[in-house]
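Please see the structure below; I have some questions.
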Amino acid sequence: MDVLEYPFDVEYIIKNKKRIKKTLLENNNLIEKNIAILGGSTTSEVKNMLEIFLLNYGIKPNFYESEYNLFYEDAIFGNDKLDNFKPDIIYIHTTIRNIKDYPTIKDSIGDIDLKYNNITKKFQSIWENLLKKFNAIIIQNNFELPGVRLLGNKDVTDVHGFVNYVNRVNAYFYKFAAENDRFYINDINYVSSCYGLDKWLNDFYWHMYKYAMEVPAIPYLAFNIAKIIKSLYGKNKKAIALDLDNTIWGGIIGDDGVEGIHVGTDLPSGEVYYYFQKYLGDLKDLGVLLNIVSKNNEDTALIGLEHQGNFLHKDDFLKIKANWDPKNINIMNISKELAIGADSFLFVDDNPAERKIVKDYINGIATPDIKNPEDYVRILDRNGYFEVTVLSKEDLNKFEMYQENLKREELANSYTNYEDYLKSLQMVGEIASFKPIYLERISQLTNKSNQFNLTTKRYTLADIESVCSCDKYITLYGKLSDIFGDNGVVSVVIGEIKEKELHIDLWIMSCRVLKRDMEVAMMDTLVKKAANLGIKKIFGYYYPTEKNKMVEDFYQEQGFNLISADDNNNKEYELEVNAYEMRNKVIEVKCNE
């Protein structure tokens, strides 16, 4: 919903929140999550705003709210209501208003160290108790800066300064986050700075309602929390489709010629586009897939990409569609060629008419309202389309992996026999039980995979760790490499053992390795492992979604028998382990247990 993208109209959102919520609830493809809010101040409006931002990301939250300022008591002593709630996420909404014992000018260094130790130990006890008690993700606010600097500029350097103290405590929070993979920081220090600290720390709302920040600031707070949560559950965008003229350079190359476009660091009119391209290059390094969709002749577009003032060049883009076809058609074609959903794209174009057409034709695509080139970076960055919660090796190498896929396609076109083509790839698969080194990537894959996903179940890192520690599950990860490179972990299977039966709860595979028989190698290994454990039957399940139609007949293709199907096309399959015949002929499998 456009009204919930940055920059948004706060007054409109607050005034129309019920209507917005009602509209968003019409989405039938929402995933439900339990979110506990442990507040150090009033949280009712925080909850309301967080709900609509999460609904906009396809997440339907159920909430638990602590009583006013009882965040510590709930975390340390607990209560039946919170225990029975079984939160997936615990958000600790504390702010600078909750720091009561801060340094004074008369304190000795020892006094200040004691205060520091008390507050950091208090929060660490909260986090450790919650992590131990609940299989949940914790999101903790850091502290915003104080509204008053008693020592002026020296407040940041002197140990007696409140600014110095806040920065010191925040650093402790960051260290804990770096060492605990189920713990995330909601950076209200940054959000409040962007919003304006004087307005954020509006004392009227604190003294009157015990809101830690003014109510108009709460949508920004909620938006920032929602970005973390949507990233955890695989709702990030994956790719960008970029216009050229007046988007990554100034001017219209077809009219002005390559000499007439503005880009580069020589002139202010070109510098703004250069730094936008540099930001896009940084996103590419994070694993975002850059593509071009431009209404231009292809040779004209390519000449523009050779301009010496560009930061980005032809080889920085996976796909370049420069033609006169509708841009929504070009984006759909790119999505098919890259095997990712069209709703995983961010479309960046300065032309509002083009944005509207793409938005109308491609459900779920993001089309930010960009006007002035000096605002492009800020608008993309603040919207958090690519919010990072886990940064894996696969992410950092994603562009190269997709480039290697394009080379595989070229090779495939030179073969008339597909099996001969697969053998020519000299594929090697590493298939084994989950290992600690791959758990983050496995969790990430479960939340990002939508098309090759039989049940569309989502697992946080905590969920994956829980499965690993329980001997009633069979787990498999699959890595695949070939003559073009290493694809990393591309497939995951989780099955629950019930007596002599195995029930497959999750089977996913990255679309990067479709049609390479990796699923066959995984199935062979799964059956072998099941047979070694004395399992007689394997049951597979298919639950249809808008995106996983491609695997509707997967189990039948693997030799399973359909035993039930309901009116919603939910299907159950069965396989007799002893009747299965090994079928992998093209992948050398290394079961590195």
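The values are calculated or read from the model by the stated rules, or taken from the named source; none is laboratory data. Please read these numbers as outputs of a predicted model, since none were measured by experiment. When we count neighbours, we look across all protein chains shown, and the Cβ atoms used for this are built from the backbone with ideal geometry, even at glycine. Protein only, heavy atoms only, side chains kept; ligands, DNA and RNA dropped before computing areas. Shrake-Rupley method; radii C 1.70, N 1.55, O 1.52, S 1.80 Å.
If you put +1 on each Lys and Arg Cβ and -1 on each Asp and Glu Cβ, how big is the dipole of segment 511-593 around its Cα centre, in Debye rounded to 20?
Values: 13 positive and 15 negative charges, 82 e Å.
Roughly 400 debye, rounded to the nearest 20.
Once amide H atoms are placed 1.01 Å from N in the peptide plane, what residues at a sequence separation of 5 or more from residue 390, or on another chain, have their amide H within under 5 Å of its amide H?
none
In addition: Roughly how many debye, to the nearest 20, is the charge dipole of segment 253-362 about its Cα centre, given +1 on each Lys and Arg Cβ, -1 on each Asp and Glu Cβ, and no other charges? Could the numbers behind the result be given before it?
Values: 11 positive and 19 negative charges, 101 e Å.
For segment 253-362, the charge dipole is close to 480 debye.
So what's the gap between the Cα centers of segment 497-533 and segment 366-432, to the nearest angstrom?
Cα centroid of segment 497-533 versus Cα centroid of segment 366-432: 24 Å apart.
Give me a comma-separated list of calculated 3J(HN,Hα) values for segment 98-103, in order, Karplus coefficients 6.51, -1.76, 1.60 applied at θ = phi - 60°, integers in Hz, x for any Gly or Pro.
Once θ is set to phi - 60°, the couplings for segment 98-103 become 8, 8, 9, 9, 9, x Hz.
Work from the charge dipole of the chain (Cβ charges, +1 for Lys and Arg, -1 for Asp and Glu, about the Cα centre) and give the residue of 108, 445, 137 farthest towards its positive end.
108
Sort out for me the Cα centre separation of segment 179-248 from segment 555-587, rounded to whole Å.
46
Lys/Arg Cβ at +1, Asp/Glu Cβ at -1, dipole of segment 1-84 taken about the Cα centre: which of 39, 72, 52 is farthest positive-ward?
Farthest towards the positive end: 52.
Accessible area per residue, 1.4 Å probe, Å², for segment 355-456: what's the number?
On the way: 4800 Å² over 102 residues.
For segment 355-456, the per-residue accessible area is 47 Å².
Using a 1.4 Å probe over the heavy atoms of the protein chains, calculate the carbon and sulfur portion of the accessible area of the chain as a whole percent. Don't skip to the answer; put the middle values down first.
On the way: 12600 of 26520 Å².
Result for the chain: 48 percent of the exposed heavy-atom area is carbon or sulfur.
Now a separate question. Suppose R0 equals 30 Å. What FRET efficiency, 1/(1 + (r/R0)^6) with r the Cβ-Cβ distance, do residue 472 and residue 546 give to the nearest 0.05?
The pair residue 472/residue 546 has a calculated efficiency of 0.40.
Also: Roughly how much of residue 182 is accessible, in Å² to the nearest 10, using a 1.4 Å probe?
For residue 182, solvent-accessible area is about 40 Å².
Pull up the DSSP beta bridges for the chain and report the antiparallel fraction as a percent, rounded to 5.
On the way: 34 of 76 bridges.
Counting only bridges with both partners in the chain, antiparallel ones make up about 45 percent.
Let me ask you something else. Can you pull the semi-axes for segment 257-407, root of five times each eigenvalue of the Cα gyration tensor, sorted largest first, whole Å?
Working: eigenvalues 99, 73, 62 Å².
Semi-axes, largest first: 22, 19, 18 Å.
Which entries in 47/235; 175/371; 22/472; 199/230; 235/528 show an alpha-carbon gap greater than 30 Å?
Working: 47/235 20 Å; 175/371 39 Å; 22/472 41 Å; 199/230 28 Å; 235/528 35 Å.
Table pairs above 30 Å Cα-Cα are 175/371; 22/472; 235/528.
Taking the Cα centre of the chain as the origin and placing charges on Cβ (Lys, Arg +1; Asp, Glu -1), which of 82, 269, 589 is farthest toward the positive end of the dipole?
Farthest towards the positive pole: 82.
Which sequence of 43, 545 reflects their accessible areas, 1.4 Å probe, from the largest down? All intermediate terms of the calculation are to be shown ahead of the outcome.
Details: 43 10, 545 45 Å².
Descending accessible area places them as 545, 43.
Express in Å², to the nearest 10, the accessible area of residue 302 obtained by rolling a 1.4 Å probe over the protein heavy atoms while all chains stay in place.
40
Given a 1.4 Å probe and heavy atoms of the protein chains only, how would you sort 266, 486, largest accessible area at the top? Could the numbers behind the result be given before it?
Working: 266 140, 486 70 Å².
Sorted by accessible area, descending: 266, 486.
Send over a whole-number figure in Å² for the accessible area per residue of segment 232-335, probe 1.4 Å. Display every interim value, and only then the final one.
Details: 4260 Å² over 104 residues.
Each residue of segment 232-335 exposes 41 Å² on average to a 1.4 Å probe.
Counting Lys and Arg as +1 and Asp and Glu as -1, what is the net charge of the other residues whose Cβ lies under 15 Å from the Cβ of residue 216? Mind dumping the intermediate values first?
Numbers: positive: 15, 17, 199; negative: 9, 11, 45, 198, 203, 214.
That works out to -3.
Leaving out ligands and nucleic acids, note down the accessible area per residue over segment 12-81 with a 1.4 angstrom probe, in whole Å².
Numbers: 3380 Å² over 70 residues.
Each residue of segment 12-81 exposes 48 Å² on average to a 1.4 Å probe.
Taking the structure as given and computing Rg and Dmax of the Cα atoms in Å, which label from (i) 26.4, 84; (ii) 31.7, 109; (iii) 28.9, 102 fits?
Read-out from the structure maps to (i).
Could you calculate, for segment 57-159, the ratio of the Cα radius of gyration to the Kirkwood radius, expressed as Rg to Rh?
On the way: Rg = 17.0 Å, Rh = 16.0 Å.
Taking Rh as the inverse mean 1/r over Cα pairs, Rg/Rh reads 1.06.
How much of residue 292 can a 1.4 Å solvent probe reach, expressed as accessible area in Å² and rounded to 10?
Counting only protein heavy atoms, the figure is 0 Å².
Indicate the helices, whole DSSP H runs only, in the chain that combine a mean Kyte-Doolittle hydropathy of 1.0 or more with a Cα extent along their long axis of 18 angstrom or more. Write down the numbers at each step before the final one.
Values: long enough: 44-56 (19 Å, 0.47); 109-133 (36 Å, -0.64); 162-179 (26 Å, 0.01); 218-232 (21 Å, 1.13); 268-286 (28 Å, -0.62); 398-412 (21 Å, -1.37); 518-532 (21 Å, 0.29).
Helix filter hits for the chain: 218-232.
In segment 412-516, what chymotrypsin sites (Phe, Trp or Tyr not before Pro) fall in a loop by DSSP, with at most 13 other Cβ atoms inside 10 Å?
Sparse-neighbourhood loop chymotrypsin sites (Phe, Trp or Tyr not before Pro): 415.
By its C-alpha gyration tensor, with a ≥ b ≥ c as the square roots of the eigenvalues, how is segment 289-338 shaped: rounded for a/c under 1.5, else prolate for a/b larger than b/c, else oblate? Walk me through the numbers on the way to the answer.
On the way: a/c = 2.96, a/b = 1.47, b/c = 2.02.
Oblate is the answer for segment 289-338, as a/c is 1.5 or above yet b/c matches or exceeds a/b.
With +1 on the Cβ of every Lys and Arg and -1 on the Cβ of every Asp and Glu, and nothing else charged, how large is the dipole of the chain about its Cα centre, in debye rounded to the nearest 20?
Details: 72 positive and 89 negative charges, 305 e Å.
It works out to roughly 1460 debye.
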